[in-house]
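> Let me give you the structure first, and then I'll get to my questions.
The values are calculated or read from the model by the stated rules, or taken from the named source; none is laboratory data. Predicted model, so just to flag it, every value in this text is computed and none were measured. Heads up, the Cβs are rebuilt from the backbone with ideal geometry, glycines too, and the neighbour counts pull from every protein chain shown.
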Amino acid sequence: MTDRREVDVVRWPDEAPSSQNGPAELLAGYHVQTQAEKGEAVAGVDELPDRYRAEVIEPQAAFADELVLLALSGDTAVGCLVVTAPVDGHTEIKRLWTDPAFRGRGIASTLVGAALAHAAESGVSTVRLSVWKWRAGAIALYERLGFTVTESWDERDHLVCMERAM
């Protein structure tokens with residue numbers, strides 16, 4: 001039976017426990033895995049492209065103008081998601097990641113739900129995201145949560161762009 005223990009979603013760093021080091025380990029997992037999936041495997045954070053390494057090393061600086069949500073199981077960060085500041089009536093979800101040891105417990109859905117609630121409170125009309133086309137599970141999750149595929153706003157190959165009206 002799957003452990004479906006509750007997780008708390010908090011705004012980082014404001015609401016995270018002082019002992020929490022934040023999303024650095026989760027972002028490291030996200031970026032290292034993504035590089036491998038793109039066929040550009042790296043041995044660790046030190047080999048990531050500069051912009052991704054900066055997010056891992058200094059997440060508070062990298063996301064200073066954005067909302068970082070953490071899913072906590074006790075004092076352990078088990079998932080993260082970033083919501084960009086609203087621009088022209090929309091916001092974007094990025095860096096959704098759940099620790100592989102905690103998958104299958106609804107953490108990603110809970111994080112996206114918290115992001116959508118934040119977007120509604122912010123008065124945006126649309127929430128956007130992009131996801132690598134090989135992440136079929138993530139695409140299915142986003143579709144279940146009301147996102148639809150839309151014309152790409154990103155020039156990178158292999159991305160699926162999606163949006164949801166609020």
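> Determine which single condition Lys133 fails, assuming it passes every other condition in (1) closer than 17 Å to Trp12 by Cα; (2) among the charged types (D, E, K, R); (3) touching a residue at least 12 places away in the same chain (Cβ under 8 Å).
Answer for Lys133: the failing condition is (1).
> Let me ask another. I'm trying to understand the selection: among the residues of region 1-16, which are modelled with pLDDT of 75 or more and aliphatic (A, V, I, L, M)?
To start, the set of residues in region 1-16 that are modelled with pLDDT of 75 or more comprises 6-15.
Val7, Val9, Val10, listed by residue number.
Residue-by-condition table, conditions (1) of a type in the set (Ser, Thr, Tyr); (2) in contact with a strand residue (DSSP E or B) (Cβ under 9 Å, 6 or more places away or on another chain); (3) under 23 Å from Val78 (Cα atoms); (4) surrounded by 16 or more Cβ atoms within 10 Å (Cβ to Cβ):
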{"site": "Ile93", "(1), (2), (3), (4)": "no, yes, yes, yes"}
{"site": "Thr98", "(1), (2), (3), (4)": "yes, yes, yes, yes"}
{"site": "Ala108", "(1), (2), (3), (4)": "no, yes, yes, yes"}
{"site": "Gly113", "(1), (2), (3), (4)": "no, yes, yes, no"}
{"site": "Ser125", "(1), (2), (3), (4)": "yes, yes, no, no"}
{"site": "Ala136", "(1), (2), (3), (4)": "no, no, yes, no"}
{"site": "Ile139", "(1), (2), (3), (4)": "no, yes, yes, yes"}
{"site": "Leu145", "(1), (2), (3), (4)": "no, yes, yes, yes"}
{"site": "Ala165", "(1), (2), (3), (4)": "no, yes, no, no"}
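> Within region 76-130, take every residue that is touching a Ser or Thr at 6+ places or on another chain (Cβ under 6 Å) and of a type in the set (S, T, N, Q) and give me the one that is farthest from Val10 (Cα to Cα). Before the answer, list the steps.
Restricting attention to region 76-130, the residues satisfying the condition of being touching a Ser or Thr at 6+ places or on another chain (Cβ under 6 Å) are 79, 83-84, 86, 89-92, 104, 107-108, 119, 124, 127.
Those left that are additionally of a type in the set (S, T, N, Q): 84, 91.
On the way: Thr84: 16, Thr91: 19 Å.
Checking each candidate, the answer is Thr91.
> Ok, one more. Here is a list of conditions, (1) under 22 Å from Leu129 (Cα atoms); (2) among the hydrophobic types (A, V, I, L, M, F, W, C); (3) surrounded by 12 or more Cβ atoms within 10 Å (Cβ to Cβ), and Ala16 meets all of them except one; can you say which number that is?
(1)
> Could you tell me how many of the residues in region 58-81 are touching a Leu at 6+ places or on another chain (Cβ under 7 Å) and within 27 Å of Ser125 (Cβ to Cβ)?
5
> If you don't mind, another one. If you go through region 54-69 one residue at a time, do you hit one that is out of contact with any strand residue (DSSP E or B) (no Cβ under 8 Å at 6 or more places or on another chain), free of Cβ contacts under 8 Å to residues at least 12 places away in the same chain and surrounded by 13 or more Cβ atoms within 10 Å (Cβ to Cβ)? Spell out how you get there, then give the answer.
Keep residues of region 54-69 that are out of contact with any strand residue (DSSP E or B) (no Cβ under 8 Å at 6 or more places or on another chain), which gives 54, 56-58, 60-62, 64-65.
Restricting the remaining residues to those that are free of Cβ contacts under 8 Å to residues at least 12 places away in the same chain gives 54, 58, 61-62, 64.
Filter again for surrounded by 13 or more Cβ atoms within 10 Å (Cβ to Cβ), leaving 54, 62.
Checked region 54-69: at least one residue is out of contact with any strand residue (DSSP E or B) (no Cβ under 8 Å at 6 or more places or on another chain), free of Cβ contacts under 8 Å to residues at least 12 places away in the same chain and surrounded by 13 or more Cβ atoms within 10 Å (Cβ to Cβ).
> Now, a different point. Suppose we keep only residues that are β-branched (Val, Ile, Thr) and under 15 Å from the mean Cα position of the chain (by Cα) within region 32-44. Which one would you say is nearest to Trp132 (Cα to Cα)? First the steps, then the outcome.
Let us first name the residues in region 32-44 that are β-branched (Val, Ile, Thr), namely 32, 34, 42.
Still in the running and under 15 Å from the mean Cα position of the chain (by Cα): 32, 34.
Numbers: Val32: 14, Thr34: 9 Å.
Once the filter is applied, the top-ranked residue is Thr34.
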